[in-house]
């Protein structure tokens, strides 16, 4: 009988979830329209005022269970959606808490503040 | 299990040749059976069968392994009869076995007997024997090839070999069939015969020992003929259903005898090369191996033994069991701390080594696998109505796409339904197809299983709105199936019971299925159970209140190596759940986020390296199907499978050593859950607690918030942390009144506290104590009930203090003058010589 001797196979591929860099930030004071649900009332239905912050990134944000969040100073914007190629919208439902010149950075949902990327942009209401 | 191998001659074990244990009658037995299977007897013992006090049959048992002996009986059994068996040798006569009461199979299987399984499969051209399993003892099984019967056995055993004549041709469609009481089962899955391997592999021969008479040959091709030579002399040729065959009745083996075995299939193709085995001397006979034993057991189950050996079991040096494997009945119940000695003897050969076991308080047995229930063929189809789309698996008349619904099942009652939802992943991948294995498992046991296509909501964004959108879409799909149930043209017309509805969601889908019960408003929908697999909790991240799962049974599976939902947020749902019946949490080491879905290919654990390598994808799937089927069988079919979830039994074929469970029943007495806001000094019964001998314990949020003991707690609860200190520290929690706990268990969630970045060397533990009304205290160590789990050593910063429910059986608490029927306090004593903090929660008394 011949006896084989081999090296272990490499593990499965690792997901690529590294976040892109923000290349552009825009602030819009547009009315908030929650998604229309067919079977129940959204918990966002009562929210009508919000500040929309749009960011453009240098590559797509990866798709995973966690979502991207935008840190504006100490305020974390957790509601987001993609609205174009490398273009994303984040909602701030308490716009008064956003401080002028607050650093803006992108992270995954549960990233501690101390692990945030160095901010390249700062919050400006008229950006 | 505390085990060691010891030399037998030092033990001075008494020999009592006139004592043998009773054998076992295989359960269940059903009316109309014309045979009874008996297992666990001494080689070649005479087996006597007694029905309602009258001996009706006897037969030589031959080899007790692998299947025992199936003894024909003169009259078919009748429901309500009591069947027993005993064994007799030249020198010994056993007691009668425990009586098995004959049942009516239509009570257990109202839609007909279970579906036979060709096992092993696949089958090959020229095959001469086929194994069929999932049978009811004493019924009739037959095999067809291209719809023509080619073999039959009347009065079968549960796994029956059927000789095939004429042998299979190439490309034939083979099925197995079964009936009992003229009640037919559905046919087995169809297999098409393929060409057998050519050349055939050489068989292997299991180790054989002096004075043995049974030979096991392995590596056999399905349906092959096996020829055995002994020192060059032909011993005969046997047909084999594949994998392995045990050959008994050989003349006693002599050291140095050489056995060779070869296999053959089609004429014209060469036989296999021979496999060889040489008889080893008696001195090489090893000690047997056994499965878990625990206090209260009155039997042992062998996991490795010589097939024809007599197994002898000594309890504290007295003989309490003697029989063949795989189960030996004992004359006494085992208790915590007992010493068991197990040896195996062949005819004139006593093993020189013995197995020594210290009996633990809790060491649950490995039982069947709850995903194995196989009753119906499985139909499936895709569905779409605009954005409402997915796949559905259901019990059908036959296997395949768009088969008719199973008529017999439908004639009995409407059928439960489970909706599944995947999570966020590339919309280019059909994620909804990733749970087809789980859907098929549920369908074959009589549950419709729908997997919703949520790709329209998949992408780069996220948040609570995305979860609400998913919940909305799943409800759309439930409503769509309500429409199918009302549509006379649908295969589901009048078939679905929406009052027995289960939900399973993975990742963001898990978040959504926890949301649904709080918002759904469809008529006649009653959610009985929810399984959240590695769920997100976007409300927590948005600083909104976490949903309290309530009004249904809740279960979450948390992959300890999850590289995506790294916070294992399902623990928050578990902590918040107020179960209608029970809640369960499975924290599973060496698993990741993705491998439960067949369409999600990356190993996400590698994103947060360093992490240990995870188990294979198929082992992930076995965890989901075993525990998921246990959940849905218990809550939707009313079957007794919660033991797999509360830890009183372990599912076979699952890497249960990696599964750490928390479990809580509704309506139990909670001594302390630390949620009352009444300080550490008062428990949940409103009674005082006391800290003695330098104990320093306090209540902390088990959450990632300020005020937590440290950052390693990922739940959403308040619990107690016992701070490091010297050995002998005691925490005493008083009961409201003196209580009889003699038939109860004490459950407590506990965990070794990690600092979040490292895992201390070596395990730790504690003792749980009871104090009776006279002040007598007695203790049981956590190591005697399964031990305190070690933290999962993943990437620093993500190592978690994850609590696990330990079950302490009160009968294990023993001491002189101690009365377990008058308990006034429960105690925790930290007795390890280290400086480790331990977390506790949910101290409860269980009936």
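When segment A:21-42 is filtered for residues that are within 13 Å of chain B (Cβ to nearest Cβ) and buried (at least 17 other Cβ atoms within 10 Å of the Cβ), the ones remaining, listed by number, are A:34, A:37, A:39, A:40, A:42.
Residue-level analysis places residue B:246 outside the set of residues that are surrounded by 20 or more Cβ atoms within 10 Å (Cβ to Cβ) and under 30 Å from the mean Cα position of the chain (by Cα). Look at segment B:424-439: where a residue is within 23 Å of residue B:465 (Cβ to Cβ) and within 10 Å of chain A (Cβ to nearest Cβ) and a partner is in a helix (DSSP H, G or I) and at pLDDT 95 or above, sitting 6+ places away or on another chain with Cβ atoms under 7 Å, you get B:424/B:508; B:425/B:431; B:427/B:455. Evaluate segment B:729-738: report whether one residue or more is within 25 Å of residue B:549 (Cβ to Cβ) and assigned to a strand (DSSP E or B). The answer is no, given that none of the residues of segment B:729-738 is within 25 Å of residue B:549 (Cβ to Cβ) and assigned to a strand (DSSP E or B).
One line per residue, one yes/no per condition, for (1) out of contact with any helix residue (DSSP H, G or I) (no Cβ under 7 Å at 6 or more places or on another chain); (2) within 12 Å of chain A (Cβ to nearest Cβ); (3) modelled with pLDDT of 95 or more; (4) surrounded by fewer than 24 Cβ atoms within 10 Å (Cβ to Cβ):
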{"residue": "B:446", "(1), (2), (3), (4)": "no, no, yes, yes"}
{"residue": "B:451", "(1), (2), (3), (4)": "no, no, yes, no"}
{"residue": "B:455", "(1), (2), (3), (4)": "no, yes, yes, yes"}
{"residue": "B:464", "(1), (2), (3), (4)": "no, yes, yes, yes"}
{"residue": "B:483", "(1), (2), (3), (4)": "yes, no, yes, yes"}
{"residue": "B:486", "(1), (2), (3), (4)": "yes, no, yes, yes"}
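Scanning segment B:310-325 for residues that are modelled with pLDDT under 95 and part of a loop (DSSP other than H, G, I, E, B) returns B:316, B:317, B:325. Quick one: in segment A:43-58, which of the residues that are under 27 Å from residue A:105 (Cβ atoms) and within 11 Å of another protein chain (Cβ to nearest Cβ) is surrounded by the fewest Cβ atoms within 10 Å (Cβ to Cβ)? In this case the residue turns out to be A:47.
Residues that are assigned to a strand (DSSP E or B) and surrounded by 21 or more Cβ atoms within 10 Å (Cβ to Cβ) do occur in segment B:421-432, at least one of them.
Only strands (runs of 3 or more DSSP E) whose full extent lies in segment B:150-242 are considered here, and the ones with at least 2 residues that are in the same structural domain as residue B:120 (by TED's automatic domain parsing) are B:160-163, B:173-180. Residues of segment B:589-601 that are out of contact with any strand residue (DSSP E or B) (no Cβ under 8 Å at 6 or more places or on another chain) and surrounded by fewer than 24 Cβ atoms within 10 Å (Cβ to Cβ): B:590, B:598, B:599, B:601. I'm checking my understanding of the structure. Among residues of segment A:78-99 that are without any contact (Cβ under 8 Å) to a residue 40 or more places away in the chain and within 17 Å of residue A:120 (Cβ to Cβ), which one is surrounded by the fewest Cβ atoms within 10 Å (Cβ to Cβ)? Here the answer is A:87. Does residue B:815 satisfy the criteria of being without any contact (Cβ under 8 Å) to a residue 40 or more places away in the chain, over 17 Å from residue B:727 (Cα atoms) and in the same structural domain as residue B:750 (by TED's automatic domain parsing)? Yes. When we screen B:472, B:476 for residues that are closer than 27 Å to residue A:33 by Cα, crowded, with 21+ Cβ neighbours inside 10 Å and within 11 Å of chain A (Cβ to nearest Cβ), the only hit is B:472.
Among the conditions (1) touching a helix residue (DSSP H, G or I) at 6+ places or on another chain (Cβ under 8 Å); (2) under 26 Å from residue B:566 (Cα atoms); (3) within 9 Å of chain B (Cβ to nearest Cβ), the only one that residue A:71 does not satisfy is (3). For segment B:589-601, residues that are farther than 22 Å from residue B:798 by Cβ and away from every other protein chain (no Cβ under 12 Å) total 2. Filtered by the rule that a residue be in a helix (DSSP H, G or I) and either surrounded by fewer than 23 Cβ atoms within 10 Å (Cβ to Cβ) or within 14 Å of another protein chain (Cβ to nearest Cβ) (or both), segment B:602-633 gives B:604, B:605, B:606, B:607, B:608, B:617, B:618, B:619, B:620, B:621, B:622.
Let's see how each residue does on (1) surrounded by 15 or more Cβ atoms within 10 Å (Cβ to Cβ); (2) farther than 16 Å from residue B:202 by Cβ:
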| site | (1), (2) |
| --- | --- |
| B:233 | no, yes |
| B:250 | yes, yes |
| B:255 | yes, yes |
| B:260 | yes, no |
| B:265 | yes, no |
| B:275 | yes, no |
| B:282 | yes, yes |
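Go over the candidates B:269, B:316, B:347 one by one and state the one that is surrounded by fewer than 21 Cβ atoms within 10 Å (Cβ to Cβ), within 22 Å of residue B:64 (Cβ to Cβ) and more than 26 Å from the chain's Cα centre (by Cα). Can you show your working first?
Values: B:269 fails: within 22 Å of residue B:64 (Cβ to Cβ); B:316 fails: within 22 Å of residue B:64 (Cβ to Cβ).
B:347 is the lone residue from the list that is surrounded by fewer than 21 Cβ atoms within 10 Å (Cβ to Cβ), within 22 Å of residue B:64 (Cβ to Cβ) and more than 26 Å from the chain's Cα centre (by Cα).
Segment B:656-699 holds strands (runs of 3 or more DSSP E) entirely within its bounds, and those carrying 1 or more residues that are modelled with pLDDT of 95 or more and more than 26 Å from residue B:786 (Cα to Cα) map to B:689-692.
For segment A:106-119, filtered to residues that are at pLDDT below 95, within 21 Å of residue B:461 (Cα to Cα) and more than 11 Å from chain B (Cβ to nearest Cβ), the residue that is surrounded by the most Cβ atoms within 10 Å (Cβ to Cβ) is A:119.
Checking the structure you have, find out if any residue of segment B:604-620 is assigned by TED's automatic domain parsing to the domain that holds residue B:416, touching a residue at least 60 places away in the same chain (Cβ under 8 Å) and over 25 Å from residue B:754 (Cβ atoms). No; the residues of segment B:604-620 include none that is assigned by TED's automatic domain parsing to the domain that holds residue B:416, touching a residue at least 60 places away in the same chain (Cβ under 8 Å) and over 25 Å from residue B:754 (Cβ atoms).
Of the strands (runs of 3 or more DSSP E) entirely within segment B:1-104, those holding at least 1 residues that are modelled with pLDDT under 95 occupy B:2-7.
The values are calculated or read from the model by the stated rules, or taken from the named source; none is laboratory data. Since the structure is predicted, the reported quantities are computational estimates derived from the model, not experimental observations. So basically every Cβ, Gly included, is an ideal-geometry build from the backbone, and we count neighbours across all protein chains shown.
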